[in-house]
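The values are calculated or read from the model by the stated rules, or taken from the named source; none is laboratory data. Predicted model only: the values in this text are computed from it and were never measured. Heads up, the Cβs are rebuilt from the backbone with ideal geometry, glycines too, and the neighbour counts pull from every protein chain shown. The protein model used for the area step is the full one, side chains on, heavy atoms only, and it has no ligands, DNA or RNA in it. Shrake-Rupley method; radii C 1.70, N 1.55, O 1.52, S 1.80 Å.
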Amino acid sequence: MSVFAAEALSERTVQLPPADTLDRALRAASPAEVIETALKTVGREHLALVSSFGTESAALLKVMADVDPAIPVVFLDTGWLFEETLAYRDTLIAKLGLRDVRSIKPLEETLSREDPDRELWFSDPDACCRIRKVEPLARALKPFSAWINGRKRFQGGARAEIPVVEDDGARLKFNPFANVSREEIEAIYRLAKLPQHPLVASGYLSVGCMPCSSRTAPGEDERAGRWRGRAKTECGIHTTKTS
C-alpha cells in the first residue's frame, strides 16, 4: 500500500462522535480536560491547534504543552503580521517546548492575482482575510479531523455563545477556553511566568495583522482595536466552514 493510500485509509477510519454529545459532556470540564478529550477522540495525527500567537495565545499553548507538546500547531503567517508577533512565536516555541509548529502562508499565485499592490486590506478587508487566512487555514487543516482554538465567551460579540465543542463541516472544533474568565487567563500567565506579547505594553490588547490592528483605549472592549471603524469583527476563520 502506498503512503498516500495508507493516509487516506487512516483518515477514513477516524469515527467522529457527535459534537453536541461531546459538548454536553465537557461543559464543566477544565481546558486541559477538553484538550485531553480531543486527543483521545481523534489521536494526535488527526488533531491540530490553531494559534495566532497573539496577546492571549500563550495561555492556551501552555495548557496544550502540558497535555502533549507534540500536538501540531498551525500558525497563519499572513504576510502582514507585526515583527513582534513573529518574534513572540519563536519565544513561546522555545519556552513551552512546542515540537510541531507549522507556519502556513497564503499562496503566492493567489496574492499576485488578487492583491498585487498589497492594498486589499483597505479596499476589501473581507477578501484580504479570505486569501490570507481563511483559504490557507482550510488548506492546512485538510489532514486533520479536529482542531483546537482559543476563543472565549467573555470576548463578546459572535463569541459570547460559543459551545465547548462544535461541528465545523467535516471536523470537530474544540474551544477549551470557552468557559474561562479573564482572571483565569491571567492566572495561567502568572503561575507559569509566561511572557506577554511585546505589543501589550504599547496598548494593543488584541493583535492581528498590522494594517487592521490598533491600540485600545481605556474602557474599550479588548477587540475594539481590530478593524477599527468598520462593522467587521471577525477575520472569517471562525465564521466560515473549513471543509
Return the residues of the range 14-32 that are under 12 Å from F174 (Cα atoms) and in a helix (DSSP H, G or I); say none if nothing qualifies. A19, D20, L22, D23, L26, P31, A32
Looking at the range 51-70, which of its residues are of a type in the set (D, E) and crowded, with 23+ Cβ neighbours inside 10 Å? E56
Take the range 131-158 and flag every residue that is surrounded by 15 or more Cβ atoms within 10 Å (Cβ to Cβ), closer than 25 Å to C209 by Cβ and among the small types (G, A, S). A138, A140, G150
Has the range 86-108 got any residue that is outside any helix (DSSP H, G or I), aromatic (F, W, Y), open to solvent by less than 10 Å² (accessible area, probe 1.4 Å) and modelled with pLDDT of 95 or more? no
Helices (runs of 4 or more DSSP H) (entirely within the range 111-190) containing at least 2 residues that are at pLDDT 95 or above and within 27 Å of T41 (Cβ to Cβ): 135-140
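Residue by residue, here is whether (1) buried (at least 18 other Cβ atoms within 10 Å of the Cβ); (2) in contact (Cβ under 8 Å) with a residue 12 or more places away in the chain holds:
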| residue | (1), (2) |
| --- | --- |
| A38 | yes, yes |
| G43 | no, yes |
| L49 | yes, yes |
| P72 | yes, yes |
| F75 | yes, yes |
| E119 | no, no |
| D124 | no, no |
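Would you check if E161 is more than 13 Å from the chain's Cα centre (by Cα), within 20 Å of P211 (Cα to Cα) and of a type in the set (D, E)?
No.
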